[in-house]
Amino acid sequence: MKKNDIILIAVLLAAALLTAVGMRIWQMNNTRDAAKVVVTIDGQVYGTYPLDEDRTERIELPDGSYNILTISDGYADVTEASCPDQICVKHNHIKYSKESIVCLPNKVVVTVEGGEDSEIDGATF
Amino acid sequence: MNNRKIAFLGLFVALAFVLSYIEYMLPLNIGIPGAKVGLANLVVMVALYTVGEKETISLSIIRVVLVGLTFGNLSMMLYSLAGAGLSLCAMLIAKRTGRFSVTGVSVLGGVFHNIGQIIVAMLVLETESLLYYLPFLIVIGTITGVLIGFVANLITTRVKGVFKM
Ligand SMILES: [Zn+2]
């Protein structure tokens, strides 16, 4: 290992840590009581559900594959899915604004939207 | 390209294919889309330091196409092509500057492999929310890069003698 390698590794890890902390602070400050869970399939909005109401929603795709979204105690979680990799099921539950659970095989994205003013989020369209 | 190089390139393609297969059978599932160990990168690293740059580029393309045709579908091939392509570019540039050893080159390869995959995923899913995985992908890429660089260095020093014969 050269000195440059160690500098590179240190810079990468520091940058990762700073962005992670910065994003978490932003997320915590931008999550209000009226947070919603937005489900999109292939970029199209499938449904919007309030984060403070417990429910279980079966997200059904035209080809028969599915993801099961469970909202409880103010957290959203994908608890079951038909996808082969199960990455979405393994993902931690989410509650902060802009946190998301992604299922690449099903093209399903579950995102928490912060509060009143993120009603129309241009980026999701 | 001499016969010895051609023989080694064939061997490397086979090895990279096997490692991709192992990774396909035992995926790293930590709940982060796009996170890969990138085992095949080990072969790419060794090839880069033994048979040469052009040969390594062909090796990468052949591997992605072979693996995609065997185990995946078109979208999976797209992910790995973006990952492998970006990663190889980063490694070639890093190696040419001469500022980094095998470890540094491998770390950059690992990090850009994950970044490439997440960029394609963002385009396919039309969501910017995947950007929030970037810090984790950088950390995972750095760790796997250090490990792969370490092993690649061990192999390279042993294999290199064969090319000097
Ligand atoms: Zn999934």
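Results, tabulated for the structure shown:
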read-out	value
Residue list for segment B:70-105, restricted to those being in contact with an Asp or Glu (Cβ under 9 Å, 6 or more places away or on another chain) and either open to solvent by less than 40 Å² (accessible area, probe 1.4 Å) or closer than 17 Å to B:Ser20 by Cβ (or both)	B:Leu92, B:Ser101, B:Val102, B:Thr103, B:Gly104, B:Val105
Filter result for B:Phe71 (more than 12 Å from the chain's Cα centre (by Cα), among the aromatic types (Phe, Trp, Tyr) and within 26 Å of A:Leu17 (Cα to Cα))	no
Residues located in segment A:23-42, provided they are facing another protein chain (nearest Cβ under 9 Å) and within 20 Å of B:Leu134 (Cα to Cα)	A:Met23, A:Gln27
Enumeration of residues in segment A:43-65 that are within 13 Å of chain B (Cβ to nearest Cβ) and more than 15 Å from the ligand (Cβ to nearest atom)	A:Gly43, A:Gln44, A:Val45
Those residues of segment A:75-87 which are within 14 Å of the ligand (Cβ to nearest atom) and within 18 Å of A:Leu51 (Cα to Cα), in sequence order	A:Asp77, A:Val78, A:Thr79
Pick from segment B:36-69, criterion in contact (Cβ under 8 Å) with a residue 24 or more places away in the chain and open to solvent by 60 Å² or more (accessible area, probe 1.4 Å), ranking: nearest to B:Ser129 (Cα to Cα)	B:Lys36
Whichever residue in segment B:86-107 is within 7 Å of chain A (Cβ to nearest Cβ) and assigned to a helix (DSSP H, G or I) and, among such residues, is farthest from B:Leu39 (Cα to Cα)	B:Gly104
All positions within segment B:112-130 that are touching a helix residue (DSSP H, G or I) at 6+ places or on another chain (Cβ under 7 Å) and more than 9 Å from chain A (Cβ to nearest Cβ)	B:Phe112, B:His113, B:Asn114, B:Ile115, B:Gly116, B:Gln117, B:Ile118, B:Ile119, B:Val120, B:Met122
All positions within segment B:119-142 that are touching a residue at least 24 places away in the same chain (Cβ under 8 Å) and open to solvent by 50 Å² or more (accessible area, probe 1.4 Å)	B:Ile119, B:Phe136
Qualifying strands (runs of 3 or more DSSP E) (wholly inside segment A:36-107; at least 2 residues being more than 11 Å from the chain's Cα centre (by Cα))	A:36-41, A:44-50, A:55-60, A:66-72, A:75-81
Long-range neighbours under 8 Å by Cβ, at least six apart or interchain, first residue loosely packed, with under 12 Cβ neighbours inside 10 Å within segment B:1-22, second in a helix (DSSP H, G or I) and of a type in the set (Asp, Glu)	B:Met1/B:Glu55
Evaluation of B:Pro33 against (1) open to solvent by less than 20 Å² (accessible area, probe 1.4 Å); (2) touching a residue at least 40 places away in the same chain (Cβ under 8 Å); (3) in contact with a Ser or Thr (Cβ under 6 Å, 6 or more places away or on another chain) (one fails), failing number	(3)
Residue match in segment A:66-74 (condition: within 15 Å of B:Gly31 (Cα to Cα), polar (S, T, N, Q), within 11 Å of the ligand (Cβ to nearest atom) and open to solvent by less than 40 Å² (accessible area, probe 1.4 Å))	yes
Top-ranked residue in segment A:91-102 [being facing chain B (nearest Cβ under 8 Å) and more than 9 Å from the ligand (Cβ to nearest atom); ranked as least open to solvent (accessible area, probe 1.4 Å)]	A:Ser100
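The values are calculated or read from the model by the stated rules, or taken from the named source; none is laboratory data. Worth saying up front: this structure is predicted, and the values here are computed from it rather than measured. Because the Cβ atoms are built from the backbone with ideal geometry, glycine has one as well, and the counts that use them run over all protein chains shown. The protein model used for the area step is the full one, side chains on, heavy atoms only, and it has no ligands, DNA or RNA in it. Shrake-Rupley method; radii C 1.70, N 1.55, O 1.52, S 1.80 Å.
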